[in-house]
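Take a look at the structure set out below.
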Amino acid sequence: MLNRLTPAVKNLIIINVIIFIGFGIFSPRLDGVREVEDKFFSIHKSNLLGFRSTAQVEFLEVYTPFGAEVIMDGRRRVIGVTSENIGQVKQQFPYVESDAASRYRKSTLSGPERFQPIQLVSWAFNHGDFWHIFFNMFIFFLIGPAVEHILGTERFLKFYFFCAIFGGLLIALLDPANNPVLGASGAIYGVMVAFALFFPREKFYFYFLIPIEARWFVTGIGVFSLIMVVRDLLGLGGGDNISHFGHLAGMVAAFVFFYLGKAIPFLGK
């Protein structure tokens, strides 16, 4: 089976697996957080456009979850936790000590100082757990080689990294959710768009059983992701720990690459 792998797909899968194993062995979690991953291999949101609200927590400026109430405890400002926003608060800050008031470890805070440009590339090489990397690499293994055959290895690599970087920029600036994002999903969802453009009538098997043409399968994923983003924007998120905006950002990046890429010198053929 490995003979069907094209060079770029094969090496990207190997790099992702090596990084995943390396973090698991050499970067043990400290109170649930791997500092190197959190700092360099996850996209923290930027407030460059001024869309996010902030609060001061233990001398640190942090983003507040959508609709979160900021209260005073007499000594410092903390993010108030109510029955309405507890799911969002726990999703952004996993180490909530109580439902009434919370103190957060510095390593878990998401704030303006946490974003770094290197994250726009490195986020696509980090995964949260085994199933996260397994499904990403499995999908990439199935459809990536066909796209690389069409584009050629050099252009495919440009495309892949463009989806990761441009998608990451959209996440950093525009994602309504404040929590950090990691994983190759953005780039791989871009590859799915490319596959649907090149092979629109090829079949995907939904749940390995139901055949759906690639064009309709990818359209359905895009619509679903958009609905989930609107849900998050309205503050109705259920805390599913999936970056639907990240998926949609990768898909948007793919369309930009194919339909506007000629206007960008380094993306041209």
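A short reminder: the numbers here are calculations on the coordinates, not readings from a lab. Just so you know, these numbers come straight off a predicted model, no measurement behind them.
Can you run phi through the Karplus equation (6.51, -1.76, 1.60; θ = phi - 60°) for region 136-142 and list ³J(HN,Hα) in whole Hz, with x for Gly and Pro?
Couplings: 4, 6, 5, 4, 4, 4, 6 Hz.
Could you derive backbone 3J(HN,Hα) for region 124-135 from the dihedral phi with the Karplus parameters 6.51, -1.76 and 1.60 (θ = phi - 60°), listing whole Hz in sequence and x where the residue is Gly or Pro?
Per-residue couplings from phi come out as 7, 10, 10, 9, x, 7, 4, 5, 4, 6, 4, 5 Hz.
What is the set of long-range amide H partners of residue 54 at a cut-off below 5 Å, with H atoms built 1.01 Å from backbone N?
So residue 54 has HN proximity to 64.
Apply the Karplus parameterisation 6.51 cos²θ - 1.76 cosθ + 1.60, with θ equal to phi minus 60°, to every residue of region 174-186 and state each ³J(HN,Hα) to the nearest whole Hz, in sequence, with x for glycine and proline.
Couplings: 10, 4, x, 7, 8, 5, x, 10, 9, x, 7, 4, x Hz.
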